[in-house]
């Protein structure tokens, strides 16, 4: 019954409409978190939600919620959504697809004869992508009470603080702690996101069911040696911060390969003084490791740290940790996952089980409520680029499966 | 006889006078090659040379020559000098010490009863230090015919070309090839330079005799992999330009340690896109190797290249060479070296034999004439910093030994 009511054309029109907000002359979309471009996308969403007769509210972290009332309004809402910010020069699907699908499901619920007991809320999380303020998943972390002390003081390259930027988009920095939701305040959270990887395209399938979302540990280290003349300083006298950093990077790579499914990356290296004829005196590097298994993540992080300390000690250098952040792996709730899998089966869709190695707002929602997630196919496995695309049949299938699963969960949950 | 005539106070006053030209508010001296600050130092030199009754000429490369006439003016001149440019935030001795000592020797020859057969010329080479135009030892290379095709087209960060900068200091870019000297045009070349290393200070000695000047091979490489999402790209699928570069750096270090006295450095690494959550797609790196032995330099360079090609092939990346320059090692001429050693012995000075791992103008003069070089002690082995210093007794000893050696060479050479 419900399958007939999802209107693909409406979703495609929404994707295109959002694709015109924050276009970057250098290509793609640049709707950075907490920017006025992201705010324009929020404004667009509010208009669509009002047109669908939904009631709107926002919180002090700048998250946006649009509600379709349920038959038993005292029940905690079922919730779905994603984010509308993008990376610089990003694409039309990352985040937007999840919001557009949740919005379409809400419209169908509001318009059609799909009477749910639970209220249904579409959420637009604030600032999911890595932002100029050195953080990501800001809105969902605020809901989970995971905004770090001092985080609002971070400044972007222009010297604007996260606090000021949040205020400019209508948030209330002083109330950030009050955003935290109590467990049970949401009955279940479902999110659709583009896969950002090759598995669904390789399998020729429109969607998959996410089982786990990786935890991510990140650190910023300063390796301190001694700058010296590259000619007159013999190989034995050197305290070369670049060579030590090279060893650390290769050890991190070797160790990450030891843990199945884990990944480890040194994405950033800045050398001082970075001159052809001076032995590097100082290197700032950033590394991260990811795993869906909490024990692996911890063991790998400890091994990287031990290896790095041994390398700098052997070479007579020093290591300073400038920053360290971590998120724990999150698992889909069995009840929500079953509802999604059963909805797929009922529609004759083969939906492989997938792990998410990318972070998502859903990862933080898992700390608050029963979480489930669908991945839709990423054409060419491309993500965070202007060409980012997901096939229309993936959008249609995900919206229909989401709607079916909500109907199932509405019956099962209180 | 001549020992009595060197006037240390004049040399110290000259060092101090030059130390007031091009002072940098951030510390030390910034008289970059081809800058107006370097030009002010050349002007200062011209005034001192005129006061000493010397005749002046300059060439199309901006080199400056001040001559004391000899008893047999048809003979090719004996020559000594160094450079007056500095690195950014450099010190008062690198280059300046060699010019000031040669100038003092010229004054003594001109004033006193030291009648040489050969003319004696003090040379101030243009732009010896690494310059904003990506080159070094400009003036001496021009004399040796080693300015590379297209080198004058190089531009600094402000977009000014070497050609324009040369014209601004009175050089003639179109005549650069005519600067080349024919072998025999100089009877012998002697240079005093601060050691920029620890050997003399450790030995508690004022000066040493240089036996060889290292050859330097430099390359700028681009390692090209593929930028990818640091979460969704498994360790096996990566083509990580940073990990490949780390391997290349460590191989270069390992190989350089295999050749006694050689050094190898990766001084510059620039990562693209240099973001915490993106597998590095591209790395620009600069490396150099130095050795006083031509065969070692070549073998080491080949080994580095082979190792790097194997690393990028194994990892499925590409390597592009953006630039490559090389200078061959230079040996002091036995006749000049003997004259310097005998002068030291005659004065009761213990002067160790030293290799120079830093490049010098003398290295290019060795292609044209009999070359010899003295190192004077560097306090704290410091160089290229505002605190750069050499003891007054080193200056005095070097000037006296230089004058004695010139007298010996004047008799021996035609």
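Of note:
- Odd one out for residue B:390 among (1) outside any helix (DSSP H, G or I); (2) touching a residue at least 60 places away in the same chain (Cβ under 8 Å); (3) over 19 Å from the mean Cα position of the chain (by Cα): (3)
- Among the residues of segment A:253-274, those identified as at the interface with another protein chain (Cβ under 7 Å from one of its Cβ atoms), in a helix (DSSP H, G or I) and surrounded by 19 or more Cβ atoms within 10 Å (Cβ to Cβ) are A:253, A:256.
- Across segment A:136-157, the number of residues qualifying as closer than 26 Å to residue A:96 by Cβ and either more than 11 Å from the chain's Cα centre (by Cα) or not assigned by TED's automatic domain parsing to the domain that holds residue A:93 (or both) comes to 9.
- When segment B:125-139 is filtered for residues that are more than 14 Å from chain A (Cβ to nearest Cβ) and at positive phi, only B:127 remains.
- Residues located in segment B:198-218, provided they are within 14 Å of another protein chain (Cβ to nearest Cβ) and buried (at least 24 other Cβ atoms within 10 Å of the Cβ): B:200, B:208, B:210, B:213, B:214, B:216
- The residue list B:225, B:184, B:171 contains one member that is modelled with pLDDT of 95 or more and assigned by TED's automatic domain parsing to the domain that holds residue B:336, which is B:171.
- Just one of the listed residues (A:231, A:301) is more than 8 Å from every other protein chain (Cβ to nearest Cβ), buried (at least 19 other Cβ atoms within 10 Å of the Cβ) and either assigned to a loop (DSSP other than H, G, I, E, B) or touching a residue at least 60 places away in the same chain (Cβ under 8 Å) (or both), namely A:301.
- Residue check for residue A:384: at pLDDT below 95, under 25 Å from residue A:300 (Cβ atoms) and within 14 Å of another protein chain (Cβ to nearest Cβ): yes
- Candidates B:286, B:337, B:318, B:309 - the one that is within 14 Å of chain A (Cβ to nearest Cβ), in contact with a strand residue (DSSP E or B) (Cβ under 9 Å, 6 or more places away or on another chain) and either within 29 Å of residue B:244 (Cα to Cα) or touching a residue at least 24 places away in the same chain (Cβ under 8 Å) (or both): B:286
- Residue within segment A:70-78 that is in contact (Cβ under 8 Å) with a residue 60 or more places away in the chain, closer than 29 Å to residue A:163 by Cβ and in the same structural domain as residue A:115 (by TED's automatic domain parsing) present: no
- Filtered residue count, segment B:168-179, keeping only those that are closer than 15 Å to residue B:151 by Cβ and touching a helix residue (DSSP H, G or I) at 6+ places or on another chain (Cβ under 7 Å): 3
- Condition check for residue A:114: assigned by TED's automatic domain parsing to the domain that holds residue A:163 and modelled with pLDDT of 95 or more: no
- Selected residue [modelled with pLDDT of 95 or more, within 30 Å of residue A:234 (Cβ to Cβ) and over 16 Å from the mean Cα position of the chain (by Cα)] from A:304, A:271: A:271
Quick grid of which residues meet (1) closer than 28 Å to residue A:383 by Cα; (2) in contact with a strand residue (DSSP E or B) (Cβ under 6 Å, 6 or more places away or on another chain):
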{"position": "A:200", "(1), (2)": "yes, yes"}
{"position": "A:224", "(1), (2)": "no, yes"}
{"position": "A:229", "(1), (2)": "no, no"}
{"position": "A:238", "(1), (2)": "no, yes"}
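- Checked against (1) more than 8 Å from chain A (Cβ to nearest Cβ); (2) modelled with pLDDT under 95, residue B:277 meets all criteria but (1).
- One residue from B:379, B:345 being modelled with pLDDT of 95 or more and in contact with a helix residue (DSSP H, G or I) (Cβ under 9 Å, 6 or more places away or on another chain): B:379
- Considering (1) part of a loop (DSSP other than H, G, I, E, B); (2) facing another protein chain (nearest Cβ under 8 Å); (3) surrounded by fewer than 19 Cβ atoms within 10 Å (Cβ to Cβ), the lone condition that residue A:226 does not fulfil carries the number (2).
- Evaluated against (1) without any contact (Cβ under 8 Å) to a residue 60 or more places away in the chain; (2) more than 8 Å from chain B (Cβ to nearest Cβ); (3) closer than 29 Å to residue B:251 by Cβ; (4) touching a helix residue (DSSP H, G or I) at 6+ places or on another chain (Cβ under 8 Å), residue A:250 falls short on exactly one condition, (2).
This table checks each residue for (1) under 21 Å from the mean Cα position of the chain (by Cα); (2) buried (at least 18 other Cβ atoms within 10 Å of the Cβ); (3) not assigned by TED's automatic domain parsing to the domain that holds residue B:287.
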{"site": "B:339", "(1), (2), (3)": "no, yes, yes"}
{"site": "B:343", "(1), (2), (3)": "no, yes, yes"}
{"site": "B:353", "(1), (2), (3)": "yes, no, yes"}
{"site": "B:359", "(1), (2), (3)": "yes, yes, yes"}
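- Failed item, numbered, when residue B:328 is tested on (1) outside any helix (DSSP H, G or I); (2) more than 8 Å from every other protein chain (Cβ to nearest Cβ); (3) more than 30 Å from residue B:412 (Cα to Cα): (3)
- Strands (runs of 3 or more DSSP E) completely within segment B:6-124 that count 2 or more residues being surrounded by 21 or more Cβ atoms within 10 Å (Cβ to Cβ): B:64-68, B:78-83
- Odd one out for residue B:316 among (1) modelled with pLDDT of 95 or more; (2) outside any loop (DSSP other than H, G, I, E, B); (3) in the same structural domain as residue B:279 (by TED's automatic domain parsing): (2)
- Just one residue in the set B:394, B:327, B:331 is buried (at least 21 other Cβ atoms within 10 Å of the Cβ), at pLDDT 95 or above and out of contact with any helix residue (DSSP H, G or I) (no Cβ under 6 Å at 6 or more places or on another chain); that residue is B:394.
- The single residue among A:163, A:238 that is without any contact (Cβ under 8 Å) to a residue 60 or more places away in the chain, surrounded by 17 or more Cβ atoms within 10 Å (Cβ to Cβ) and in the same structural domain as residue A:359 (by TED's automatic domain parsing) turns out to be A:163.
The values are calculated or read from the model by the stated rules, or taken from the named source; none is laboratory data. Please read these numbers as outputs of a predicted model, since none were measured by experiment. Positions of Cβ are backbone-derived with ideal geometry, glycine not excepted, and every protein chain shown enters the neighbour counts.
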